[in-house]
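To keep things clear, I will list the structure first and then write my remarks on it.
Every number in this text was worked out from the coordinates using simple rules, so none of it is lab data. None of these values were measured; they are calculated from a predicted model. Here Cβ is always computed from backbone atoms with ideal geometry, including for glycine, and neighbour counts include all displayed protein chains.
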Amino acid sequence: MQEKRKHKRLSLSVDIQLERLDQDGVTTLKMITVDVTDISRSGIGFRSDQKLDIDAYFDTKIQIWTKEVINAVIRVVRREDLPDGGYKYGCTFVGITDNDAMKIDIYQIFHDV
C-alpha cells in the first residue's frame, strides 16, 4: 500500500466504537466496534467486518496507551477488501483538538526511543 499520510504511522492495538454522523452533524444510535491497527497525528487505520461508505464521517473515542481518551471526528478516505471478508480502512482526522493531537505526537516520541 502506498503511504499517503503526512505523519508517521504508529502501531496501536485497541478497539474503538464509531458513531456515524449524518449530514446535519447528528450522531446515529448505531455503534460500530472496530480494531485499530495504526494511528498518526493526521489519521487512523482500522479493520472492521462492516462495510462503511467512503467519505462517511464518524464520531469516535480512542483510548490510547496511557488509558486517556481522545475524542475525534474522522472521515473514511480509503477502503480495502480483506481476504477474510472484512475491510481495512484509512481515515483522516477532521475534528481533533491540538491537545489530543499532541498526545499522539508524545506517543510517537516514546515509541521511537
With each pseudo-label sitting 7 Å past Cα toward Cβ, what's the residue 68-residue 102 distance in nm, one decimal? 0.8 nm
Please list the non-local residues whose amide H lies under 5 Å from the amide H of residue 42, H modeled 1.01 Å from N, same-chain partners needing a gap of 5 or more. 7
Pairwise label distance in nanometres, residue 77 with residue 31, each label 7 Å out on the Cα-Cβ vector: 2.8 nm
Would you mind computing, in nm to one decimal, how far apart the modelled labels at residue 22 and residue 88 are, each placed 7 Å from Cα along Cα→Cβ? 3.4 nm
